[in-house]
Amino acid sequence: MTTPVWEARADLVVVGTGVAGLTAALRARELGLRVLVVTKAEQGDGNTRWAQGGVAVVLPGEHDEGDTVEAHVRDTLVAGAGLCDEDAVRAIIAGGPAAVARLRERGAVFDSGVDGRLARTREGGHSAFRVVHAGGDATGAEVERALLAAARDGRVPVLENHIAVDAVRTPLGQVCGLLVLDGGGVPGVLTAPAVLLASGGLGQLYQATSNPEVATGDGLALALRAGAVAADVEFVQFHPTVLYTGRGARGRCPLVTEAVRGEGAVLVDATGARVMRGVHPLEDLAPRDVVAAAITRHMAGGPGGIDDHVFLDATSISDFARRFPTVHAACVAAGIDPATAPIPVAPAAHFACGGVVSDVDGRTGVTGLYAAGEVARTGLHGANRLASNSLLEGLVVGTRAAEAVASDLALGLQAKCTGTAELPVAPVADRDALQRVMSRYAAIGRDAEGLAVVGSVLDLSTVDRRLDTRELVEDAALTVAARALIAAAAERTESRGCHVRTDFPQRDDVNWLRSQVVRLTPSGQPVLADPVTTARTVA
Ligand code: SIN
């Protein structure tokens, strides 16, 4: 039994300093709430700053001829392969223009075109040029900079180097605070009637990912332990193009934004043959799941197998260094000049399309627990996220979640923690073993046998541990996330969106036009629960 040794109070505790968390904190502050932001790392160390492409949005007076919010909705539903919640899609996309306007008021500067209006690019799955960007390919960095500056100006308190371990709950199960560990492993409780998880994704389930080291699925695990449910966790999106730097890449790999293809680059193999020719009518701008799977198939059929790479020929793009400074710098560091030579690329884990089941106002099924951003599953992404819809979701749902908290507090939401909070004991697998088998058997191209191997390796390498260090909290989260993913992936006997089964290669709308829900058993094992009810559109 551990008695927390310190305590702080707020109306709302926000976990995470990415786009969703900071947007929520700023809105909560405007609404007069006492808000406290907590992050396990330093401010700005999350996924947001690595986002390159931009924000997908149809702005009044700044869109392609004929482009509409409805067309953006349609593209999102098609990319989501039948599993989007259409009401959620409509609500979030309709909220985009106001959310981007608010972000600009907070100081974010987007790139302008020659006509002085916002420059727009195109990415996979988009039927129009509607992705606004900043710093060429540094949109996430600019969004993060602006939000952090606004948070500093607005005196939003941020507690760095404190990892969220568990929601503290009343005997009736209502959230009343957050149990955290500081950098020295000292536990403490942040008491608040509302906790918003905006802690990002879980790319570290895999050996190679576009995500930073902090993306270990902590929020998903915390929410499941608090009694919330998750859905669509089998749909992990692999970005088609991270920079290939040799076999056995580990950790965060430099992203090569899809906007490079949006501006004319094409995928080719070592012989110069086009990878996407004949695969999809949109060829190199097909939805991301289609492109990543096609590259994987192409590599599997080549001499180097799936650990190999293809190339992105961007030599047709004039002024590459100015338009894509981040990608250019990464290429130069690897000894490649994209103006004259094709860029070696391969797919890598990028985005969790599923997560904690929550509505578009961030409310989960647990009173006092909210979720926004990549950790949440609002139904926007379905089985495959449309490119550049995630910063948009963070901006819109972050705002709405803060407003929902304010409204719930006004309607009497309150909870008082009684007694002490204990650091939980949870199953913890060996991280290296977990990443190795997840990459080998649960990435693009899964089958029943391989998923069973993942389960066996996790069984062998898992021990119950008290979560009293940041590393153990992260490893426990990765363990729960991996178990949830393989349970859902093994059950889904079809291929859809980011979930590619080599033993069930067809999409099966008769049996599988539905999401799967995961909950935790009292012993901490993820199991499949009843299906989530959503309004779905067959794409
Ligand atoms: C990219 O720039 O290709 C990534 C953007 C995204 O994941 O939405």
Report summary line: All-but-one check, Ala404 against (1) touching an Asp or Glu at 6+ places or on another chain (Cβ under 8 Å); (2) aliphatic (A, V, I, L, M); (3) in a helix (DSSP H, G or I); (4) buried (at least 24 other Cβ atoms within 10 Å of the Cβ), failing number (4)
Report task. Out of the residues in segment 104-127 that are crowded, with 19+ Cβ neighbours inside 10 Å and more than 16 Å from the ligand (Cβ to nearest atom), state the one that is farthest from Ala149 (Cα to Cα). Result -> Leu118
Requested in this report: Pick out the one residue from Ser390, Ser439, Ser456 that is assigned to a helix (DSSP H, G or I) and within 17 Å of the chain's Cα centre (by Cα).
Outcome: Ser390
Query raised in the report: Regarding Ala421, is this residue closer than 23 Å to Gly355 by Cα and crowded, with 23+ Cβ neighbours inside 10 Å?
Result: no
Query raised in the report: Which members of segment 496-526 meet the condition of being closer than 16 Å to Ala79 by Cα and crowded, with 23+ Cβ neighbours inside 10 Å?
Result: Arg496, Gly497, Cys498, His499, Ser515
Query raised in the report: Can you pull out the residues in segment 115-134 that are closer than 19 Å to Pro240 by Cβ and in a strand (DSSP E or B)?
Result: Thr121, Val131
Query raised in the report: Would you call Ala223 crowded, with 24+ Cβ neighbours inside 10 Å, more than 16 Å from the ligand (Cβ to nearest atom) and more than 30 Å from Ala270 (Cα to Cα)?
Result: yes
Requested in this report: State whether the residues of segment 76-89 include one that is surrounded by fewer than 24 Cβ atoms within 10 Å (Cβ to Cβ), of a type in the set (A, V, I, L, M) and farther than 30 Å from Asp509 by Cα.
Outcome: no
Query raised in the report: Could you count how many residues in segment 150-163 are crowded, with 20+ Cβ neighbours inside 10 Å and either in contact with a helix residue (DSSP H, G or I) (Cβ under 6 Å, 6 or more places away or on another chain) or under 20 Å from Thr241 (Cα atoms) (or both)?
Result: 4
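Let's see how each residue does on (1) within 16 Å of the ligand (Cβ to nearest atom); (2) surrounded by fewer than 24 Cβ atoms within 10 Å (Cβ to Cβ); (3) modelled with pLDDT of 95 or more; (4) in a helix (DSSP H, G or I):
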{"residue": "Asp137", "(1), (2), (3), (4)": "yes, no, no, no"}
{"residue": "Leu148", "(1), (2), (3), (4)": "no, yes, yes, yes"}
{"residue": "Val165", "(1), (2), (3), (4)": "no, no, yes, no"}
{"residue": "Pro171", "(1), (2), (3), (4)": "no, yes, no, no"}
{"residue": "Cys176", "(1), (2), (3), (4)": "no, yes, yes, no"}
Query - Listing of helices (runs of 4 or more DSSP H) fully contained in segment 228-326 that carry 2 or more residues being within 13 Å of the ligand (Cβ to nearest atom) - result: 259-262, 288-300
Query raised in the report: Considering only segment 14-57, how many residues are within 16 Å of the ligand (Cβ to nearest atom) and at negative phi?
Result: 14
Report task. Would you check if there is a residue in segment 399-409 being within 28 Å of Ala146 (Cα to Cα), in contact with a helix residue (DSSP H, G or I) (Cβ under 8 Å, 6 or more places away or on another chain) and either within 16 Å of the ligand (Cβ to nearest atom) or among the acidic types (Asp, Glu) (or both)? Result -> yes
Requested in this report: Hey, could you check segment 364-392 for residues that are farther than 16 Å from His239 by Cβ and hydroxyl-bearing (Ser, Thr, Tyr) and say which is surrounded by the most Cβ atoms within 10 Å (Cβ to Cβ)?
Outcome: Tyr370
Requested in this report: Evaluate segment 212-229: report whether one residue or more is in contact (Cβ under 8 Å) with a residue 12 or more places away in the chain, under 20 Å from Arg377 (Cβ atoms) and among the basic types (Lys, Arg).
Outcome: yes
Report task. Only residues that are away from the ligand (no atom under 15 Å from the Cβ) and closer than 18 Å to Ala56 by Cα: list them for segment 366-381, please. Result -> Ala372, Thr378, Gly379
Report summary line: For segment 389-398, the count of residues that are in contact with a Ser or Thr (Cβ under 8 Å, 6 or more places away or on another chain) and within 15 Å of the ligand (Cβ to nearest atom) equals 5
Query raised in the report: Restricting attention to segment 96-126, which residues are modelled with pLDDT under 95 and closer than 23 Å to Asn384 by Cα?
Result: Thr121, Arg122, Glu123, Gly124, Gly125
Requested in this report: Being assigned to a helix (DSSP H, G or I) and either surrounded by fewer than 22 Cβ atoms within 10 Å (Cβ to Cβ) or small (Gly, Ala, Ser) (or both) narrows it down to one of Glu449, Glu474, so name that one.
Outcome: Glu449
Query raised in the report: out of contact with any strand residue (DSSP E or B) (no Cβ under 8 Å at 6 or more places or on another chain) and assigned to a loop (DSSP other than H, G, I, E, B), is that true of Asn211?
Result: no
Query raised in the report: If Val89 passes every condition in (1) outside any loop (DSSP other than H, G, I, E, B); (2) more than 16 Å from the ligand (Cβ to nearest atom); (3) under 19 Å from Arg377 (Cα atoms) but one, which one does it miss?
Result: (2)
Query raised in the report: Quick one: which of Leu181, Leu197 is within 22 Å of Gly18 (Cα to Cα), of a type outside the set (Ser, Thr, Tyr), more than 16 Å from the ligand (Cβ to nearest atom) and touching a Pro at 6+ places or on another chain (Cβ under 6 Å)?
Result: Leu181
Query raised in the report: Right, Arg49: in contact (Cβ under 8 Å) with a residue 24 or more places away in the chain, buried (at least 19 other Cβ atoms within 10 Å of the Cβ) and of a type outside the set (Gly, Ala, Ser) or not?
Result: yes
Query raised in the report: When you scan segment 362-387, how many residues do you find that are outside any strand (DSSP E or B) and either of a type in the set (Phe, Trp, Tyr) or at pLDDT below 95 (or both)?
Result: 1
Query raised in the report: In this structure, does Thr191 turn out to be β-branched (Val, Ile, Thr) and either within 30 Å of Ala410 (Cα to Cα) or within 16 Å of the ligand (Cβ to nearest atom) (or both)?
Result: yes
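The values are calculated or read from the model by the stated rules, or taken from the named source; none is laboratory data. Since this is a predicted model, take the numbers as computed values, not measurements. Cβ sites come from the backbone with ideal geometry, for glycine too, and all protein chains shown count toward neighbours.
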